[in-house]
1. I need the calculated FRET efficiency for the pair Met122 and Asn232, taking r as the beta carbon distance and R₀ as 22 Å, to the nearest 0.05.
2. Find the relative contact order for the range 164-296 and round it to a whole percent, using C-alpha pairs within less than 8 Å whose residues are 6+ positions apart.
3. At R0 = 25 Å, how high is the FRET efficiency between Lys91 and Gln290 if r is their beta carbon distance? Nearest 0.05 is fine.
4. Dipole size in debye (nearest 20) for the chain around its Cα centre, Lys and Arg Cβ +1, Asp and Glu Cβ -1?
5. If one computes the Cα centroid of the range 1-36 and of the range 96-129, what distance in Å separates the two points?
6. For a quick size check, give me the Cα extents of the chain along its three principal axes, largest first, whole Å.
7. What is the dipole size for the range 63-106, taken about its Cα centre, with +1 at each Lys and Arg Cβ and -1 at each Asp and Glu Cβ, in debye to the nearest 20?
8. Can you tell me the orientation of helix 15-26 relative to the chain, as the angle in degrees between its alpha-carbon axis and the longest Cα principal axis, to the nearest 10?
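Where a number appears in this text, it was derived from the coordinates with a stated rule and is not lab data. Model, not experiment: these values are computed from the prediction. Every residue, glycine among them, receives a Cβ derived from its backbone with ideal geometry; neighbour counts consider all protein chains shown.
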Amino acid sequence: MAEYKTKVLIIGSGAAGYTAGIYAARANLEPIIVAGMQPGGQLTITTDIENFPGFPEPVGGGELMDRMREQAEHVGVKLISDTIAKVDFSKRPFVCYGDNGDKYIGETVIVATGASARWLGMESEKKFQGFGVSACATCDGFFYRNRKVCVIGGGNTAVEEAIYLTNFAEHVTLIHRRDELRAEKVMQERLFKNPKVTVIWDSVIDEVLGTEEPLGVTAVRLKNVKTGETSNLDVEGVFVAIGHKPNTDIFEGSLEMDDEKYLITAPDSTATNIEGIYAAGDVQDKKYRQAVTAAGTGCMAALEADRFLALHE
Ligand code: NDP
């Protein structure tokens with residue numbers, strides 16, 4: 001088993017992790033990033049990004065993350081492709097264990113493990129995952145050329161995915177549990193203007209319906225939350241876009257979390273309840289969740305780790 005030692009161990013390779021790496025490397029702290037299950041993080045599965053400063057033309061999420069990775073490597077970040085499965089934060093230096101048992105020892109740790117898509121939680125949703133049910137239009141939209149699909153949710157992600165899916169699908173139905181969307185107004189306007197989109201309000205999915213052999217979705221059973229009425233909508237693809245949950249399972253019992261399992265950081269800081277451990281990006285942010293805010297807190301975490309090390313050396 002390999003053993004790695006560093007002054008700054010960064011867990012996660014999204015916008016927060018890479019930015020923390022860039023700042024820590026430029027402070028001569030020779031950081032290590034353990035990239036995790038989805039290198040590049042959630043931005044690698046989004047479509048064009050129009051709100052990251054410095055890119056007047058939309059930039060693809062994957063491309064933006066490739067550039068962050070290149071920049072991190074260029075300034076000397078050591079990038080390791082492994083997933084942390086277990087941590088021991090009981091004393092300093094902190095110890096983390098990779099999937100295959102490799103050991104990572106950090107004098108400080110920056111947790112930037114991000115968040116993952118949430119699911120509705122029905123048996124039938126699980127059964128058809130990968131066979132008509134998806135949480136990523138960018139990944140799977142292409143397979144629904146000239147087919148009918150639906151998107152569940154009313155936030156920016158749902159609206160963005162619905163619009164994106166119109167590039168392929170014959171028709172897209174957005175299903176939302178309330179009578180107004182949470183998404184930004186400009187996104188809503190784009191959605192309502194699109195002739196390939198219908199919105200069904202005040203409704204939730206009761207069941208995903210489909211065939212056994214071959215396994216595939218044929219319809220969803222909808223329930224109107226106001227009247228209780230149910231109806232079927234014929235679709236071959238169901239895209240769930242109801243938000244995210246933070247990736248904090250491995251920190252259960254060691255780092256303080258709120259009710260929704262987001263890591264708690266001190267006000268105006270990325271400091272967790274353990275001195276020398278910092279949290280940046282979506283794993284500690286349920287409010288803004290933007291690429292640029294994740295990068296911002298990644299920067300803060302690296303500066304705070306640097307100060308901590310200077311005080312303790
Ligand atoms: P949000 O939390 O903003 O929205 C989740 C949506 O799913 C809400 O409309 C919510 O309904 C609905 N929902 C939640 N749980 C259920 C459930 N069990 N059944 C049915 N519906 C449910 O998540 P997003 O992923 O859309 O966005 C996350 C963050 O990322 C936001 O800050 C967003 O602005 C940002 N973002 C920005 C983009 C951009 O700027 N281009 C693109 C994508 C995301 P309700 O409204 O009733 O609560």
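1. My answer for the efficiency is 0.90.
2. In percent, rounded to a whole number, it is 13.
3. It comes out at approximately 0.10.
4. In debye, rounded to 20, the chain gives about 260.
5. 17
6. 66, 41, 36
7. With Lys and Arg at +1 and Asp and Glu at -1, about 340 debye.
8. Approximately 20 degrees, to the nearest ten.
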